[in-house]
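Here is the structure we will look at, set down as structure tokens.
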Number of protein chains: 2
Amino acid sequence: MNQNRARALAQIRVVLSRPSHSGNVGAAARAMKTMGLSRLYLVAPQCEIDGQARALSSNALDVLDGAVHCATLEEALGGTVMAAALTARRREYAAPLKWAREAAAEIVDTALAGEVALVFGNETAGLSNEELALCRLPVMIPANPDYSSLNLAAAVQVMCYELRMAALAPAAARTGRDEPATFEDVQRFYAHLEQALIDSGFLDPANPKKLMPRLRRLFDRAALEREEVNILRGMLNFFQKAGKS
Amino acid sequence: MNQNRARALAQIRVVLSRPSHSGNVGAAARAMKTMGLSRLYLVAPQCEIDGQARALSSNALDVLDGAVHCATLEEALGGTVMAAALTARRREYAAPLKWAREAAAEIVDTALAGEVALVFGNETAGLSNEELALCRLPVMIPANPDYSSLNLAAAVQVMCYELRMAALAPAAARTGRDEPATFEDVQRFYAHLEQALIDSGFLDPANPKKLMPRLRRLFDRAALEREEVNILRGMLNFFQKAGKS
């Protein structure tokens, strides 16, 4: 076992957004623990963490009881440097997706440098477009095209298994990358970019079209570093100042 | 997709020996179907295939209803050329075991030549030594050594996922990506960006530091698309115009 990469598992949050069935929450906690993950985040659960959740968590009650409850997905992503989101379908303006195995390798690499969230949507509705837009990396589990509906806890199990495999596999090193930007840094950059584009007249807030989603997709793909966000925001300040002078 | 290897999935039986919980049987059927497996065998189930099994099978009722019921494991293995068995622990006299991923490759290879069984034991007791002795290949799912107890349906999900991956490694396609920008497009964008940064005062041509190399590194990493270059250059035009007005 590669001890260095194994510690990545402790830096990965499993975020369940609006889960409906308490049994799934318990089963997800168990699935996590079998693979050595322990940090569960629950966003506005639509169910009680009741006896069924506890029964299905089996001996992973520590994971279930230690779950962090959040009101919004933004809150659950606070402090992370990367958010990956499970999705069952391709979406037009989402970032290019990765398959589970390839995504797990990237998540583990990134988790060596900072906290990473792996987000799962509601059993029926999945993730909203707004939620997905907060996540840099859409992930799909390869499945039967005629019946691709994995149970929520089963999807958590497969992803946590792939994360364990990636963490314990030989290092592929995060070659030449600097400190990653945090979720908050990146969101502030997007807000700044949007304002600068409005100031310049390029973006009409009354008719925004798909400009910001397209730009987010581009920068999400690049996985911004902290210093790059500083440079980009400095650049925007100068563009804005030049416009006002 | 490799059609030849894909047909291996139809030659693989999932055998549940003496399952205790009907919900697990239903969830196992669902897990199989999501990965394109359909041949379920039940050996002396200790539970009814009741409403809970049907509910948890979700839309995999065809798999559940098509299950072959057997009185003994020998019967369930009839006609197979290989039996692999999931086990959660090493046993002194068992054959040398393989990890899930490596075993899946061997199972798929073998299934191209004949029927293969993948056997899962009872939720509490696992497989008996007698049952294990009927199986040529013991298989383990790598798990947390402090808590290796996967739920039965979760173990079926992981193994069927590995079998699908072994049978048809997903095409590594440029998923969800649009037409890439040409080298020339990208170079023109960099020149435009540099000029806009000089115009705004952010970049001092007499003392450029490492600004352009850093920005190129960022955008190179994103592998720009043609349309993105158009958007970025449109944006720069507006920033420049705003500065001159």
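Observations, loosely collected:
- Taking only the alpha carbons of region B:90-164, we obtain Rg and Dmax values of 12.4, 38 Å in that order.
- Helix-only CD estimate at 222 nm, as mean residue ellipticity for chain B, using -39500 (n - 2.57) per DSSP H run (n ≥ 4): -14000 deg cm²/dmol
- Within the listed set B:Glu179, B:Glu106, B:Glu123, the Gaussian network model of chain B (springs between alpha-carbon atoms below 10 Å) gives the highest mean-square fluctuation for B:Glu179.
- Farthest towards the positive end of the charge dipole of region B:46-92, among the residues B:Cys70, B:Gly51, B:Ala85, is the Cα of B:Ala85, using unit charges on the Cβ of Lys, Arg, Asp and Glu.
- The translational diffusion coefficient of region A:129-245, from Stokes-Einstein at 25 °C and 0.890 mPa s with a Kirkwood hydrodynamic radius over alpha carbon pairs, comes to 141 µm²/s.
- FRET E, pair A:Asp146, B:Ala206, Förster distance 60 Å, beta-carbon r, rounded to 0.05: 0.40
- Overall form of chain A per C-alpha gyration tensor (a/c, 1.5; a/b vs b/c): prolate
- Report note on the peptides B:200-213, A:131-144: ranked by the mean count of other C-beta atoms within 10 Å, highest first, their order is A:131-144, B:200-213.
- Cβ-placed point charges (K, R +1; D, E -1), dipole of the protein assembly as shown about Cα centre in debye, nearest 20: 1060
- Between B:Asn122, B:Asn230, B:Asn59, the GNM of chain B built on Cα springs shorter than 10 angstrom shows B:Asn230 fluctuating the most.
- Across the identical copies, how the A:Leu61 labels are spaced - nm, sorted shortest first, 7 Å along Cα→Cβ: 3.8
- Per-copy distances of the A:Gln46 label point, shortest first, in nm (7 angstrom along Cα→Cβ): 3.5
- Ranked by how many other Cβ atoms sit within 10 Å of their own Cβ, fewest first, the residues A:Phe238, B:Phe183 fall in the order B:Phe183, A:Phe238.
- With an a/c value of 1.5 or above and a/b not larger than b/c for the gyration tensor axes a ≥ b ≥ c computed over the alpha-carbon atoms, region B:1-88 is described as oblate.
- Sorted from nearest, the other copies put their B:Ser20 label points 3.0 nm away, the label point being 7 Å from Cα in the direction of Cβ.
- Antiparallel DSSP beta bridges within chain A, as percent of all bridges there, nearest 5: 10
- Percent antiparallel among DSSP beta bridges (both partners in region B:1-133, rounded to 5): 5
- Given in Å, the Rg to one decimal and the Dmax to the nearest whole number for the Cα atoms of the protein assembly as shown are 25.6, 86.
- Estimated FRET transfer efficiency (B:Val81, A:Glu48; beta-carbon r; R0 56 Å; 0.05): 0.70
- Ascending count of other beta-carbon atoms within 10 Å, so fewest first, for A:Cys160, B:Cys70: B:Cys70, A:Cys160
- Inter-chain Cβ neighbour count for A:194-202, averaged per residue, equals 4 (cutoff 10 Å, partner chain atoms only).
- Mean-position separation - Cα centroids, region B:185-245 and region A:39-61, in angstrom: 49
- Global size of region A:177-242 as Cα Rg and Dmax, reported in angstrom: 12.2, 39
Only the coordinates and a few stated rules stand behind these numbers; no lab work does. Values in this document were obtained by computation on a predicted structure and should not be read as measured data. We place every Cβ from the backbone using ideal geometry, glycine too, and count neighbours over all the protein chains shown.
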